[in-house]
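Working notes, structure below.
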Amino acid sequence: MPKKILVIDDEPDIRDYISAVLEDNGFEASATDGNEAAGRTTGQYRPDLIILDIMMPKRSGLSIYRELRTTPELKPIPVILISGLTRAGDFTEDEFAELIKDDNIPRPDAFIEKPVDIKVLLDTVHQLMG
């Protein structure tokens, strides 16, 4: 049975592209724009991994990330943050703490900068999925 990955991004082209790449590589992908509550979306789909954009106009990806990490049944799901906000190499513990403004929220499992390099994305997904 293929591993399930939920893609949360406000840009339909990016959601569709990442979902298609994941499906072409043997994963089951579902996508949403992030406007629904993360708990409801992930609870219905029960993903094994979440790919989440940080910068979205209606609801911040950081707000969704905070919800994921503070909801007990969602907390164990690995999360890859994607964004053009900062470079992946610059995404340090201190920088993340400054963005999230909550020392109790752990750093994401991975961070990938936009535009997303598909090889990096797939390598990261495979690494996190075992």
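The values are calculated or read from the model by the stated rules, or taken from the named source; none is laboratory data. Computed from a predicted model, the values in this text were never measured in an experiment. Quick reminder, even Gly has a Cβ in these numbers, built from the backbone with ideal geometry, and neighbours come from all protein chains shown.
Total residues in the stretch 85-130 satisfying the condition of being among the aromatic types (Phe, Trp, Tyr) and at pLDDT 85 or above: the figure is 1.
The number of residues in the stretch 1-10 being assigned to a loop (DSSP other than H, G, I, E, B) and surrounded by 14 or more Cβ atoms within 10 Å (Cβ to Cβ) comes to 3.
Checked against (1) over 14 Å from the mean Cα position of the chain (by Cα); (2) buried (at least 18 other Cβ atoms within 10 Å of the Cβ); (3) modelled with pLDDT of 90 or more, Ala20 passes all but a single condition, namely (2).
Annotation note: of Leu49, Leu74, Leu68, Leu81, the sole residue that is crowded, with 16+ Cβ neighbours inside 10 Å and modelled with pLDDT of 95 or more is Leu49.
Pairs are defined by a Cβ separation below 9 Å, a sequence spacing of at least 6 or placement on different chains, a first member in the stretch 12-28 that is over 17 Å from Tyr45 (Cβ atoms), and a second member that is part of a helix (DSSP H, G or I); the pairs so defined are Tyr17/Ile118; Val21/Ile118; Val21/Leu121; Val21/Leu122; Asn25/Leu122; Asn25/Val125; Asn25/His126. Only residues that are among the polar types (S, T, N, Q), farther than 15 Å from Lys119 by Cα and part of a loop (DSSP other than H, G, I, E, B) were counted across the stretch 22-36, and they come to 1.
Restricting the first member to the stretch 114-130 and to residues that are outside any helix (DSSP H, G or I), and the second to residues that are modelled with pLDDT under 95, the beta-carbon pairs closer than 7 Å and six or more apart or on different chains are Lys114/Ile82; Lys114/Ser83; Lys114/Gly84; Val116/Ile82.
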